[in-house]
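Data block below; observations after.
Nothing in this text is a laboratory measurement; each read-out follows from the coordinates by a stated rule. Computed from a prediction, not measured in an experiment: that's the story for all the values here. When we count neighbours, we look across all protein chains shown, and the Cβ atoms used for this are built from the backbone with ideal geometry, even at glycine.
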Amino acid sequence: MKQIQKTVVCAILAIELLMGFCASGAVSFAETPEVPAALPAEVTVSASGTVRLVPDKASVAFGVTTEEASADLAQSKNSEAVDKVIAVLTERGIEEKSIRTTNYSLYPQYDYSDGVSRIIGYSVCTTLLIQDQDIESVGKLLSDCVAAGVNHVDQVSFLCSGYDEAYQGALAEAVQNARVKAEVLAKAAGKTLGEAVSVTEGWQDSSARYDKGAVYQYAAMDSVASPSFMPGESEISANVTVTYAMK
């Protein structure tokens, strides 16, 4: 009987001791970890859209180069020729804001015969940029300027005044194409395509956009006859990346 009482007392003491440790924080029990919620199913696709547009505006870069024995004479003759060209432009109704000098250079010309370099003259070049021109009028404009003294044509840029509207159409097409691709992927994965979660616009090539000073396409001219311009079509493209939910 005494042995049983002793065992009961020891058990009580052990329980009290364990409860004391728990109360003091010496013993802790690990909590059951929470199971993370399943991530929503999504699909991300990239797509593009293209609208073709015929350019209706042009910018032309041309100039006058003169060569004379002295720098002063070269400058004088160059300025005289450029003034004649500008007079032709203003007579054709081109506003001063559409005429810009983009280059002016003066450099010596050398003769390297007999292994010795010596200056034999000077060359002066002035380049003008003519903007805001209808493509139909550019050919006659160049002919008149060549007759006035222009002896080099450097750049002809074909631009689209309706670029912004065409780009918006390309964006809409790109989003539609993205949904078609996403639906194919969702079906292949045994899912149903939901709403768009995010839409990101990609890089935009605005080189065909009608903008003063833009240089888009190059054409060299060396004939006094009125040249004919065939601007063709410009491709206005848009790119998007779209993320859709899947069910």
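Count charges around residue 123 for me, please; just the other residues with Cβ under 14 Å from its Cβ, Lys/Arg as +1, Asp/Glu as -1.
With Lys, Arg at +1 and Asp, Glu at -1, the net is -3.
For the stretch 94-103, in order, what is each residue's ³J(HN,Hα) by Karplus, 6.51 cos²θ - 1.76 cosθ + 1.60 with θ = phi - 60°, in whole Hz (x at glycine and Pro)?
So the Karplus estimates, Gly and Pro as x, are 7, 6, 4, 5, 9, 10, 9, 7, 9, 7 Hz.
For a quick protection proxy, order the peptides 151-160, 111-120 by their average other-Cβ count within 10 Å, most packed first.
151-160, 111-120
In terms of modelled amide H atoms, which long-range or inter-chain residues lie less than 5 Å from the amide H of residue 204?
Excluding prolines and chain starts, which carry no amide H, there are no hits.
By the scheme Lys and Arg +1, Asp and Glu -1, what is the net charge of all other residues having a beta-carbon under 13 Å from that of residue 187?
+3
With a Förster radius of 30 Å, plug the Cβ-Cβ distance of residue 132 and residue 183 into 1/(1 + (r/R0)^6) and report the FRET value to the nearest 0.05.
Calculated transfer efficiency: 0.10.
If each residue of separation counts as 0.36 nm, what is the full-extension length gain between residue 203 and residue 90 once their alpha-carbon separation is subtracted?
36.7 nm
Could you pull out which residues in the stretch 170-202 have an amide N less than 17 Å from a spot 7 Å beyond the Cα of residue 41, following the Cα-Cβ vector?
Within reach of a label on residue 41, which here means backbone N under 17 Å from a point 7 Å along Cα→Cβ, the stretch 170-202 contributes 181-197.
Among 49-55, 93-99, how do they line up by average Cβ neighbours within 10 Å per residue, starting with the highest?
Per-residue mean Cβ counts within 10 Å order the peptides as 49-55, 93-99.
Apply the Karplus parameterisation 6.51 cos²θ - 1.76 cosθ + 1.60, with θ equal to phi minus 60°, to every residue of the stretch 78-92 and state each ³J(HN,Hα) to the nearest whole Hz, in sequence, with x for glycine and proline.
Once θ is set to phi - 60°, the couplings for the stretch 78-92 become 5, 4, 5, 5, 5, 4, 5, 5, 5, 4, 4, 4, 5, 5, 7 Hz.
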